[in-house]
Amino acid sequence: MINIVKQQLELIKDQAVVKHKEGEKQKAISLYFQALELDENQPAWIYGNVITLLAETGQVELALDLKEQALKIHHQTEEVNRAIGLALNKQGDIENSIKYYLKALDINSNQPDWLYANLIENFSLQNKFEQAIAIGEKAVEIYPNCGWSNYHLGNCFAALNQWSKAINAYKIALSRNIESAQLQEKIDSLIQKNLLNIKGKNITIYLRAVDFDSSNLAPYYKLLYEDYKTVLILLKLALNLIATNNLSNAIQYYKQAIALNSQLVSFYLAHQDVFIDHFDVPKLINILQQEVGVISQTSVVLPSSNLNSLDYKYQKLLYIYHQALQLYPNEVEIYLEIANIYAQQNRFVKAISVCQRALYIAPQNLNLQILLTQFQNIQKRTYTSIQNLEGETSTYTRWLQKNSLQSSDLDWIPEIIDTFAYKPVFSIVVIVSDISVSHLVEMLESVLLQLYPYWEFYLVCEQYPAREGQGLRSLRQYLVKPQIITIIEEYIDKDPRIKLIVEEQQQDLALIYNSALKLLKGEFIIFLSQGDILAINSLYQIAELLNRHPEADIIYSDEDLVNEAGKYYNPYFKPDWCPDSFLSRMYTGQLGVYRHSTIQETGGFRTGYQTALIYDLVLRLTEKTNNIFHIPKILYHGRISATDVKEINKIKENKRAIEDALNRRRESGRVIENNQIAGIYTIRYSITTYKLVSIIIPTKNRGEILDKCLKSIFEKTTYPHYEVLIIDNGTEEENTLKIIQQWQNNHPDKCFCYRLDIAFNYSKLNNFGVSKAKGDYLLFLNNDTEIITKDWIEGMVEQAQRNSIGVVGAMLLYPDNTIQHAGVILGIRGVASHSHKYFQDIDPGYLNQLVATNNYSAVTAACLMCRREIFQEVNGFDETLQVAFNDVDFCLKIKTQGYNNIWLPYVVLYHYESQSRGEDDTPEKQARFQQEVATMNSRWGKLIEQDPCYNINLSNTKEDYSLRE
């Protein structure tokens with residue numbers, strides 16, 4: 001056993017190294033962790049590699065979690081100390097990063113060039129230029145052509161006004177293609193440094209010379225710190241002057257800006273919408289460039305982005321400020337600008353680390369200290385928004401403790417967001433009416449604390465129609481309490497992304513929603529119910545999905561409820577998109593995300609559906625698109641009061657919305673409302689043609705069982721056009737043969753028997769039966785079943801005739817009226833098992849699943865119907881699957897052809913289960929079963945692992961929809 005574990009360990013380590021070399025960092029991390037779980041006493045290089053990879057991929061907290069364990073085993077190794085130094089460096093802990101880098105150097109001075117470069121930069125950030133230069137000189141001895149070491153060394157020399165040394169170091173860095181365009185400008189700037197020292201007093205003289213109004217000078221004076229801001233001042237001065245026809249002075253300042261740093265002039269012009277958007281820049285620059293000469297525009301490479309203007313501005317600002325920081329690494333104001341932008345992106349770890357780095361340069365800077373404290377307080381508030389579940393004992397609470405977002409996630413998620421190629425803007429809309437102050441604040445805070453920053457939140461309030469002669473805003477009489485409006489306005493002052501829409505009171509909410517839709521700028525719309533709460537990672541998860549599936553038009557998630565004490569309960573874990581389940585009830589629930597343009601294409605909301613507005617909208621949207629995605633995570637916490645409980649789902653307009661959908665889709669049928677459970681609907685489709693149904697029943701011996709089955713068929717069935725094909729698998733009992741002959745005699749035009757005397761092979765028997773059948777519909781039925789519902793065939797044909805439907809299954813009961821089959825769930829107990837097994841037949845099931853029509857990936861062939869052409873399309877049952885899972889395999893083949901499989905709660909039979917064949921109780925049968933399991937896993941492994949008609953958060957060991965352990 002020990003040797004097996006050792007071999008497994010070596011294999012894992014080899015795989016990790018391969019993935020590391022191939023650049024598959026996350027896979028390498030996973031493999032390294034597997035090795036550490038098998039045996040924590042791994043070599044130092046294992047710890048060094050995994051900590052380094054974690055740091056490089058932004059998982060700094062996880063990297064530092066390994067710190068103590070690694071040092072305990074390998075405290076005197078260069079690999080571990082070097083890796084910890086890198087992780088601390090990424091975290092912004094410069095002091096401790098230096099400490100571990102130096103320890104690695106003490107152990108072995110022949111360290112990688114990046115360590116030397118980081119160490120030089122870190123010392124320079126602390127204004128320890130002599131130590132930085134000492135390390136740098138050692139670095140260039142070992143790596144004379146290292147670009148980044150020479151680059152940072154050049155910065156140190158420049159900071160000490162050692163121009164010639166700085167220029168030499170920069171030239172070496174330039175030869176290694178380090179920031180080549182910017183470095184050349186730096187070199188040119190240093191050469192002219194003494195000649196172009198335009199600072200403070202000189203700028204004031206220039207401003208006075210053009211007779212500027214002193215009240216307009218404040219924005220410029222506060223920028224007078226370094227050349228990167230001076231260039232902007234000179235450029236704005238030039239634009240102001242040319243706008244007032246003072247061309248000669250404008251040219252003077254424009255030339256000064258170019259001479260000081262033409263690269264920065266190009267940057268500012270490239271980013272004019274961020275820095276100089278108060279001018280008609282193209283027109284004014286065109287005049288200046290005609291006089292001075294055209295400046296070649298710098299090619300600015302920014303991260304790929306969509307039309308998200310806020311993100312675009314952030315990216316531009318970060319780019320320009322980082323360029324400035326390379327020119328002036330000790331300029332505190334640049335750090336402040338960068339930190340503020342990171343904070344606006346919710347990247348508080350970065351914002352805090354930038355402030356901390358700046359404090360090494362200016363430890364007494366009060367603005368820095370205040371800003372750092374503000375960011376730390378916001379981050380703490382974000383951490384505390386994750387509910388503390390310690391001490392709770394409910395099953396769901398224990399599940400939440402295991403599966404909810406952790407505090408460490410709040411640090412790396414904003415960094416993941418920054419890497420997104422696609423950053424859509426979400427417009428969140430809520431109609432505010434009768435809401436408590438506490439619920440309003442919790443709702444607003446849940447949006448404000450979203451990790452994903454690109455959103456706008458519209459709160460719609462109604463007002464009484466204005467009376468004749470009254471003014472507008474000053475005399476508004478809102479339908480909500482004044483205190484509610486006051487709180488909303490306070491939040492608007494806090495964050496401009498929050499907006500108030502005031503609408504005149506309407507009789508129909510559709511008019512209010514449609515009016516609001518005209519104002520929304522987001523690509524996706526989220527309709528929030530007042531008082532409900534978004535999970536802190538809701539918008540992040542949605543944006544993450546959109547980066548994987550930008551084609552998505554509709555997205556929904558799992559959800560739960562929140563009580564007055566702030567505790568979560570009653571989770572609803574939903575399947576992926578199941579169109580027929582949706583026609584039975586609006587199972588997608590609260591958190592729906594809808595593409596704005598698709599809503600517009602459908603014509604928005606329709607009047608007359610007051611309490612079913614969203615349901616009606618989504619029914620119409622799903623007729624426009626199949627790009628519907630589900631996020632199997634709890635991202636929405638609904639709030640429900642005691643009075644709401646009585647009214648929930650009593651939505652009369654739902655029935656009309658479904659009826660309208662059937663009419664649009666040209667499917668004729670009756671919509672029947674469930675009398676016991678509100679909000680559940682059954683559609684009984686009209687049968688267009690009563691085509692022949694072939695009922696195929698394999699059997700052998702046990703005549704009394706077959707007799708009961710046939711009796712129930714011929715006595716109860718109301719469908720007019722069917723045939724029964726008995727497929728005799730080698731019956732030897734005289735009594736059984738007599739029973740078969742008797743039924744043939746009684747129904748010579750409906751009952752037929754065909755013998756296939758082979759070893760039991762359920763697939764082959766049914767395929768043989770199909771070859772003898774004449775029907776357009778094939779109904780596979782076990783001989784140990786008994787019909788309960790008289791219109792059972794009608795119910796199945798109604799669905800089977802529809803072009804979208806693949807197979808149709810039924811409710812099967814044990815003799816004691818407990819459930820034997822209510823659809824097949826993949827992945828339970830290995831390959832598959834039956835939904836709600838052993839539940840009472842009167843039980844509504846998991847969130848009313850047992851009383852609603854539902855899509856399942858598969859149903860049992862103990863009672864299964866499909867059209868003949870579909871059977872032929874997938875070549876029938878796989879005859880290599882002799883006994884087990886042949887029906888599941890058959891259903892999955894049909895599902896992968898694009899059909900929906902469906903289960904009906906209103907078609908009910910008894911099933912006495914495998915009484916003809918018996919149990920798998922011999923070594924041969926068990927070996928056959930294991931082979932069939934292996935075949936299914938090989939063929940359908942991905943679907944078995946995650947059944948799209950189930951939910952990954954629900955049990956894979958029980959059929960009762962309990963939580964996965």
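The values are calculated or read from the model by the stated rules, or taken from the named source; none is laboratory data. Worth saying up front: this structure is predicted, and the values here are computed from it rather than measured. Note that we place each Cβ from the backbone using ideal geometry, even for glycine, and neighbour counts take in every protein chain shown. Accessible surface is based on the protein model in full, side chains and every heavy atom, while ligands, DNA and RNA are left aside. Shrake-Rupley method; radii C 1.70, N 1.55, O 1.52, S 1.80 Å.
Examine segment 14-29 for a residue that is in a helix (DSSP H, G or I), within 22 Å of ASN118 (Cβ to Cβ) and touching a residue at least 40 places away in the same chain (Cβ under 8 Å), and state whether such a residue exists. No - not one qualifying residue is present in segment 14-29.
It is to be established whether one or more residues within segment 474-481 are in a helix (DSSP H, G or I), open to solvent by 80 Å² or more (accessible area, probe 1.4 Å) and modelled with pLDDT under 85.
Yes - at least one qualifying residue is present in segment 474-481.
Determine if segment 786-796 includes at least one residue that is among the hydrophobic types (A, V, I, L, M, F, W, C) and under 39 Å from the mean Cα position of the chain (by Cα). Among the residues of segment 786-796, at least one is among the hydrophobic types (A, V, I, L, M, F, W, C) and under 39 Å from the mean Cα position of the chain (by Cα), which makes the answer yes.
Filtering segment 97-117 to residues that are in contact with a Phe, Trp or Tyr (Cβ under 9 Å, 6 or more places away or on another chain) and either aromatic (Phe, Trp, Tyr) or open to solvent by less than 30 Å² (accessible area, probe 1.4 Å) (or both) leaves ILE98, TYR101, LEU105, GLN111, TRP114, LEU115, TYR116, ALA117. One residue alone among GLN882, GLN849 is closer than 16 Å to PHE780 by Cβ and not charged (D, E, K, R), and that residue is GLN882. For segment 47-57, a tally of residues being crowded, with 19+ Cβ neighbours inside 10 Å and under 11 Å from GLN26 (Cβ atoms) returns 2. When TYR950 is tested against (1) in the same structural domain as THR717 (by the TED database); (2) within 29 Å of ASN403 (Cβ to Cβ); (3) in contact (Cβ under 8 Å) with a residue 40 or more places away in the chain, only condition (1) is not met.
Do we have any residue at all in segment 713-733 that's assigned by the TED database to the domain that holds ASN803, more than 25 Å from ALA861 (Cβ to Cβ) and free of Cβ contacts under 8 Å to residues at least 12 places away in the same chain? The answer is no; no qualifying residue exists.
For every residue, the table says whether it meets (1) within 51 Å of the chain's Cα centre (by Cα); (2) crowded, with 19+ Cβ neighbours inside 10 Å.
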residue: TYR722; (1), (2): yes, yes
residue: GLU734; (1), (2): no, no
residue: TYR754; (1), (2): no, no
residue: ALA759; (1), (2): yes, no
residue: LYS764; (1), (2): yes, yes
residue: LYS772; (1), (2): yes, no
residue: ASP776; (1), (2): yes, no
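The residues in segment 242-261 that are more than 52 Å from the chain's Cα centre (by Cα) and open to solvent by less than 40 Å² (accessible area, probe 1.4 Å) can be counted, and the count is 1. In a residue-by-residue description of segment 784-797, the property of being under 16 Å from LYS958 (Cβ atoms) and either touching a residue at least 40 places away in the same chain (Cβ under 8 Å) or open to solvent by less than 10 Å² (accessible area, probe 1.4 Å) (or both) applies to no position. Among the candidates ASN674, ASN701, the residue that is outside the structural domain of LYS750 (by the TED database) and open to solvent by 20 Å² or more (accessible area, probe 1.4 Å) is uniquely ASN674.
Among the residues of segment 82-96, which ones are open to solvent by less than 10 Å² (accessible area, probe 1.4 Å) and not in a helix (DSSP H, G or I)? GLY92 - this is the single residue of segment 82-96 that is open to solvent by less than 10 Å² (accessible area, probe 1.4 Å) and not in a helix (DSSP H, G or I). Picking from residues in segment 911-932 that are in contact with a strand residue (DSSP E or B) (Cβ under 9 Å, 6 or more places away or on another chain) and open to solvent by less than 60 Å² (accessible area, probe 1.4 Å), the one that is modelled with the lowest pLDDT is SER916. For segment 798-816, the set of residues classified as over 20 Å from ILE842 (Cβ atoms) and free of Cβ contacts under 8 Å to residues at least 12 places away in the same chain consists of ASN803 only. Would you check if there is a residue in segment 946-965 being open to solvent by less than 50 Å² (accessible area, probe 1.4 Å) and of a type in the set (Val, Ile, Thr)? No, segment 946-965 contains no residue that is open to solvent by less than 50 Å² (accessible area, probe 1.4 Å) and of a type in the set (Val, Ile, Thr).
So that you can scan it fast, the table gives a plain yes or no per residue for (1) in contact with a Phe, Trp or Tyr (Cβ under 8 Å, 6 or more places away or on another chain); (2) over 24 Å from VAL429 (Cα atoms); (3) outside the structural domain of ALA535 (by the TED database):
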position: ASP580; (1), (2), (3): no, yes, no
position: SER584; (1), (2), (3): yes, yes, no
position: THR598; (1), (2), (3): no, no, no
position: ARG606; (1), (2), (3): no, no, no
position: GLU623; (1), (2), (3): no, no, no
position: PHE629; (1), (2), (3): yes, no, no
position: ARG670; (1), (2), (3): no, yes, yes
position: ALA678; (1), (2), (3): no, yes, yes
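When segment 361-375 is filtered for residues that are out of contact with any Phe, Trp or Tyr (no Cβ under 6 Å at 6 or more places or on another chain), in contact (Cβ under 8 Å) with a residue 12 or more places away in the chain and either open to solvent by less than 80 Å² (accessible area, probe 1.4 Å) or part of a loop (DSSP other than H, G, I, E, B) (or both), the ones remaining, listed by number, are ILE361, ALA362, ASN365, LEU368, LEU371, LEU372.
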